[in-house]
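Contents: one structure, followed by commentary.
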Amino acid sequence: MSVVPFPTPGRWTWESARGRTRAVRVSPHAGPGLLALSLWRDDRCVGSVHLTPEEAASLVGRLSEALAGLAAPPAPAPPAPGPVEDRLEHLERRLRALEEGTPPA
């Protein structure tokens, strides 16, 4: 089996961040109205899927949602107060009370 040289007009390739031997290729097939996504390792196609325009649009939407989630990761929760923080807060309350001239609690 031979492999058609790539790229040709109307086809796009993205190489993997894990290594240049892996890639995703996208090519439209106007006749049947499908979009082919194929997985490549070196110069060999190891898998493909043909999507309708509706399926491709759904994929693009989900990719956009995933990217939005990566762009703004949630802020980490502040650590729960421990014994040291509790003691510090108690000392700060006592200091405020002494400065205000009221008896400490």
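The values are calculated or read from the model by the stated rules, or taken from the named source; none is laboratory data. All values derive from a computational prediction rather than experimental measurement. Note that each Cβ is placed from the backbone with ideal geometry, even for glycine, and that neighbours are counted across all protein chains shown. For the accessible areas, the whole protein counts, side chains as well, though only heavy atoms, and no ligand, DNA or RNA atoms are used. Shrake-Rupley method; radii C 1.70, N 1.55, O 1.52, S 1.80 Å.
Just add up the charged neighbours of Ser16: K/R +1, D/E -1, any other residue whose Cβ is under 13 Å from the Cβ of Ser16.
Details: positive: Arg18, Arg20, Arg22, Arg25, Arg41; negative: Glu15, Asp42.
The answer is +3.
Read through the labelled values [x] 55, 23, 16; [y] 63, 17, 10; [z] 37, 17, 9 and report the label of the one computed as semi-axes √(5λ) of the Cα gyration tensor in Å from the structure.
Matching entry in [x] 55, 23, 16; [y] 63, 17, 10; [z] 37, 17, 9: [y].
Among Ala36, Thr102, Leu67, whose Cα sits farthest toward the positive end of the charge dipole of the chain (+1 at Cβ of Lys/Arg, -1 at Cβ of Asp/Glu, about the Cα centre)?
Ala36
Can you tell me the orientation of helix 53-71 relative to the chain, as the angle in degrees between its alpha-carbon axis and the longest Cα principal axis, to the nearest 10?
Result, in degrees: 30.
Could you order Val49, Val26, Val84 so the one with the most accessible surface comes first? Probe is 1.4 Å. Before the final figure, lay out the partial values.
Numbers: Val49 65, Val26 20, Val84 110 Å².
Greatest to least solvent exposure: Val84, Val49, Val26.
With n ≥ 4 as the cut-off for DSSP H runs, can you work out [θ] at 222 nm for the chain, using -39500 (n - 2.57) per run divided by the number of residues, rounded to the nearest 500? Intermediate results must be reported in sequence, preceding the final value.
Numbers: 2 runs with 37 residues, N = 105.
The per-residue figure over the chain is -12000 deg cm²/dmol.
How far, in degrees from 0 to 90, does helix 83-100 lean away from the longest principal axis of the Cα atoms of the chain, to the nearest 10?
Relative to the chain, helix 83-100 is tipped by roughly 50 degrees.
Only Lys, Arg, Asp and Glu count, each charged at its Cβ (+1, +1, -1, -1), so figure out the dipole size of region 10-105 about its Cα centre, rounded to 20 debye. Before the final figure, lay out each step's value.
On the way: 12 positive and 12 negative charges, 123 e Å.
So the magnitude is around 600 debye.
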